[in-house]
Amino acid sequence: MNNHLPADSIEAVTRGLASAGYIASKQIATAVYLAERIEKPILVEGPAGVGKTELAKALAAWRGLKMIRMQCYEGLDEAKALYEWKYAKQLLYTQILKDKLGEVLGGADTLAAALGKLHDFGDVFFSKEFVEPRPLLQALEQEKGCVLLVDEIDKSDAEFESLLLEILSDYQVSIPELGTVAAIVKPTVILTSNGERDLSDALKRRCLHLHIGFPEQRLEERIVESRVPGISETLRRQIVGFINQVRALDLKKLPSVSETIDWARVLVLLQSSELDHETVKDTLNVLLKYEADIETTLPQVTSFVAKAGRQGVFG
């Protein structure tokens with residue numbers, strides 16, 4: 001398959017993402033398939049650590065495309081997201097022009113003629129040679145296309161959303177001094193949100209919506225198998241079974257898939273063949289990020305390990 005053509009089926013997307021190490025649910029694969037076919041961005045929402053950013057990385061790796069990441073934050077503006085002028089270069093050009101002023105104005109017999117010549121040079125100051133492209137403009141200028149990741153858009157201001165609307169609708173942007181810059185090849189756009197604030201209806205209308213939550217047990221086991229080489233089936237099943245029980249507790253931060261993978265790697269490193277009470281207690285800080293959550297979980301460890309152990313044996 002030509003990696004730059006849309007996949008011919010949802011199953012092809014699943015296989016392609018898997019080849020890049022991303023085990024996708026059918027819902028995720030369907031969203032990617034549709035986004036490529038109808039050329040719409042995907043707005044991926046869900047808790048931190050469930051694979052939203054990794055989806056963009058895997059898609060770029062599978063397609064053999066450059067991934068351009070726009071990390072959002074409060075106060076993000078046009079100069080950091082779209083473009084800014086190379087002021088130092090403009091200043092150097094001004095100095096050169098000043099030094100060569102006599103040559104520039106040579107042959108100009110009247111004030112009007114001299115001003116006309118200076119005006120021609122003045123236009124160069126705001127030409128493409130003096131533009132420093134930022135991630136959004138870079139994405140439009142990629143000759144082979146790219147995957148544009150607009151990460152954690154919920155951390156940016158509402159004003160930044162307005163800046164995005166033209167790009168998400170028409171894959172082009174207007175720069176007052178240069179006019180309209182259209183995409184050479186339309187990028188595949190993925191926006192992620194952790195739900196820190198509500199996004200505008202205008203932004204949502206321009207995107208396909210995908211929510212990635214905690215995966216069901218079988219899928220999470222496959223993810224661990226893919227990302228943690230050498231882990232036994234029994235330990236893999238017990239780890240995911242234990243974590244699913246922890247997620248049912250009232251915690252400040254529930255363990256996500258990224259914590260599942262980290263914990264599995266730690267247990268393999270410790271040469272654990274199965275979960276046991278003491279090892280779980282000693283490594284719970286890998287799984288849980290707040291001391292209060294650890295204290296809430298500790299009294300449940302024995303029963304959770306026992307139940308996960310039964311799952312590891314009987315499946």
Exercise. Using alpha carbon centroids, what distance separates the range 221-269 and the range 290-312, in Å?
Worked result: 13
Seminar exercise, completed: The FRET efficiency for Ser258 and Thr180, from their Cβ-Cβ distance with R0 = 41 Å and rounded to 0.05, is 0.55
Exercise. Whose amide H sits under 5 Å from the amide H of His211, counting only residues 5 or more places off or on another chain, with H placed in the peptide plane?
Worked result: Glu45
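Can you tell me the relative contact order of the range 142-274? Whole percent, Cα pairs under 8 Å, sequence separation 6 or more.
Relative CO of the range 142-274 lands at 24 percent.
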Exercise. Which residues in the range 193-236 have a backbone N closer than 17 Å to a point placed 7 Å from the Cα of Glu166 along the Cα-to-Cβ line?
Worked result: 203
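Tally up the carbon and sulfur contribution to the accessible surface of the range 251-315 as a whole percent, 1.4 Å probe, everything protein left in place.
With neighbouring chains kept in place, the figure for the range 251-315 is 52 percent.
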For this session: Can you check what the Kirkwood hydrodynamic radius comes to for the range 1-85, Cα pairs only, in Å to one decimal?
Result: 14.2
Problem set entry | Stretchable slack from Leu249 to Ser19, in nm (0.36 nm times residue separation minus alpha-carbon distance) | 79.3 nm
Exercise. Taking one equal scatterer on every alpha-carbon of the range 133-190, how large is log10 of I(q)/I(0) by Debye at q = 0.14, 0.16, 0.23, 0.24 1/Å?
Worked result: -0.37, -0.48, -0.96, -1.04
Problem set entry | Cross-link pairs Lys253/Lys289; Lys66/Lys144; Lys26/Lys307; Lys252/Lys307; Lys66/Lys155; Lys26/Lys52 - those with Cα-Cα distance over 18 Å | Lys26/Lys307; Lys252/Lys307; Lys66/Lys155
Problem set entry | Most to least packed among 174-180, 225-231 [average Cβ atoms within 10 Å] | 225-231, 174-180
Exercise. Residue by residue through the range 276-289, which ³J(HN,Hα) values in whole Hz follow from phi under the Karplus form 6.51 cos²θ - 1.76 cosθ + 1.60 (θ = phi - 60°), with glycine and proline marked x?
Worked result: 9, 3, 5, 5, 4, 4, 6, 10, 5, 5, 6, 8, 10, 9
For this session: Would you mind telling me the share, in percent, of accessible area of the range 173-219 contributed by carbon and sulfur at probe 1.4 angstrom?
Result: 49
Seminar exercise, completed: Output row, site Glu141, 7 Å Cα→C-beta label point, backbone N cut-off 11 Å, window the range 169-195, residues none
Problem set entry | Highest average packing first - 208-215, 233-240, Cβ atoms within 10 Å | 233-240, 208-215
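The values are calculated or read from the model by the stated rules, or taken from the named source; none is laboratory data. On a predicted model such as this, the values are computed, not experimentally measured, just so you know. Counting neighbours? That spans all protein chains shown, and the Cβs are built from the backbone with ideal geometry, glycine included. Note: areas computed on protein heavy atoms with side chains; ligands, DNA, RNA excluded. Shrake-Rupley method; radii C 1.70, N 1.55, O 1.52, S 1.80 Å.
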